[in-house]
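Below is one structure, written out as structure tokens, with a few remarks after it.
The values are calculated or read from the model by the stated rules, or taken from the named source; none is laboratory data. Only a predicted model underlies this, so the values are computations on that prediction, with no experimental measurement involved. When we count neighbours, we look across all protein chains shown, and the Cβ atoms used for this are built from the backbone with ideal geometry, even at glycine. When the accessible area is computed, the model is the full protein with side chains, heavy atoms only, and any ligands, DNA or RNA have been set aside. Shrake-Rupley method; radii C 1.70, N 1.55, O 1.52, S 1.80 Å.
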Amino acid sequence: MVAMACSKKKRYSYNCTMSVFSKKIGETIKERRLSLKLSQESLAALCGLNRSYLGEIERGAVEVSANNLERIANGLSIKFSELIRLYEEKNGQ
């Protein structure tokens with residue numbers, strides 16, 4: 001897996017890495033959210049996630065679990081498999 005270094009953030013005292021997948025899936029989620037004219041707050045409420053956590057996912061700053069990706073897909077009114085298809089389509093895979 002390819003990873004790139006990310007800067008030290010907030011209260012964390014350790015270096016973090018973010019995968020290319022995290023960055024690209026976050027961009028895919030954000031694009032879908034904006035196409036539905038949803039705010040981060042609205043989508044977070046639909047998913048049962050914290051708004052700031054959703055923002056970190058969209059920026060690719062965190063590794064997101066499959067469980068949370070499924071929750072996000074449901075909040076975006078698509079199946080998990082459709083979210084992955086959108087990711088693959090966007091990234092030429």
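Listed values, structure above:
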item: Any hit, region 11-32, residues being more than 22 Å from Gly92 (Cβ to Cβ), touching a Leu at 6+ places or on another chain (Cβ under 9 Å), open to solvent by 90 Å² or more (accessible area, probe 1.4 Å) and modelled with pLDDT of 95 or more; result: no
item: Helices (runs of 4 or more DSSP H) wholly inside region 43-93 containing at least 3 residues that are touching a residue at least 60 places away in the same chain (Cβ under 8 Å), closer than 13 Å to Glu27 by Cα and among the β-branched types (Val, Ile, Thr); result: none
